[in-house]
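Undergrad: Here it is: the structure, laid out below.
Derivation of every value follows stated rules applied to the coordinates shown; laboratory data play no part. As the structure is a prediction and not an experimental result, all values here were calculated from the model. As a convention, Cβ positions derive from the backbone with ideal geometry for all residues, glycine included, and neighbour counts pool all protein chains shown.
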Amino acid sequence: MSSVLIDRLVDELGYENVSLDNHDEFIAEAGMNVLFFPGDPSTVKDATDVAVVLPELVQAFGGQLRPGVVRDTWGDGKELKRHYGFSAFPSLVFVRSGEYVGTITRIQDWSDYLEQIDKILVAAPRRPPGFSIPVVSA
C-alpha cells in the first residue's frame with residue numbers, strides 16, 4: 001500500500017525510486033545518499049511523518065543529502081532491509097559513495113535529526129549491522 005505523502009517524494013520532488021535494479025547505482029553516487037524505507041503506511045504510523053520531514057532535512061543540510069525512496073516494502077524492500085540490518089520502519093539509511101555510514105529509525109525530534117545527521121556526515125564508513133540471533137547454550 002502506498003501513501004500520497006510518500007508518492008509525492010518521487011512524483012513531485014523527483015527523489016529516485018530505489019529498487020534492487022538501481023540500488024547499487026544509486027548508492028555509488030558521490031556524496032551522502034539517503035535511502036528512505038517508509039514501510040507500509042497502513043501499518044507503520046510514522047511512515048508519513050518521516051515522508052514530510054525528509055524534504056525539510058534535505059533543505060536544512062543544503063543539498064548534502066541525496067534522497068531516494070524504497071517504496072516496495074515486501075519485495076525489493078525486504079531484501080534491502082535485510083542487507084542494511086535495521087529492524088524498524090520507517091528508516092533513513094545513509095550511504096556515502098557506496099559505503100554504509102548509519103541509520104536513523106522511526107520519527108525523531110527535529111533537534112535529534114540535526115544532531116544525528118551532523119555526526120553521520122563526518123562518520124567513517126562501517127559495515128551494516130545485520131541481524132543477530134542470540135545463542136543460548138543448554
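Undergrad: If I filter segment 64-84 for residues that are within 19 Å of Ile104 (Cα to Cα), without any contact (Cβ under 8 Å) to a residue 60 or more places away in the chain and among the hydrophobic types (A, V, I, L, M, F, W, C), do I get at least one hit?
TA: yes
Undergrad: Hey, can you tell me all the residues within segment 14-28 that are touching a residue at least 60 places away in the same chain (Cβ under 8 Å) and assigned to a loop (DSSP other than H, G, I, E, B)?
TA: Answer for segment 14-28, where residues must be touching a residue at least 60 places away in the same chain (Cβ under 8 Å) and assigned to a loop (DSSP other than H, G, I, E, B): Val18, Leu20.
Undergrad: Which residues, taken from segment 74-91, are surrounded by 18 or more Cβ atoms within 10 Å (Cβ to Cβ) and aliphatic (A, V, I, L, M)?
TA: Answer for segment 74-91, where residues must be surrounded by 18 or more Cβ atoms within 10 Å (Cβ to Cβ) and aliphatic (A, V, I, L, M): just Leu80.
Undergrad: To continue, here is another question. Just to check your reading of the model, which residue among Phe36, Phe26, Phe94, Phe61 is touching a Gly at 6+ places or on another chain (Cβ under 9 Å), closer than 21 Å to Arg126 by Cβ, surrounded by fewer than 21 Cβ atoms within 10 Å (Cβ to Cβ) and among the aromatic types (Phe, Trp, Tyr)?
TA: The unique qualifying residue is Phe26.
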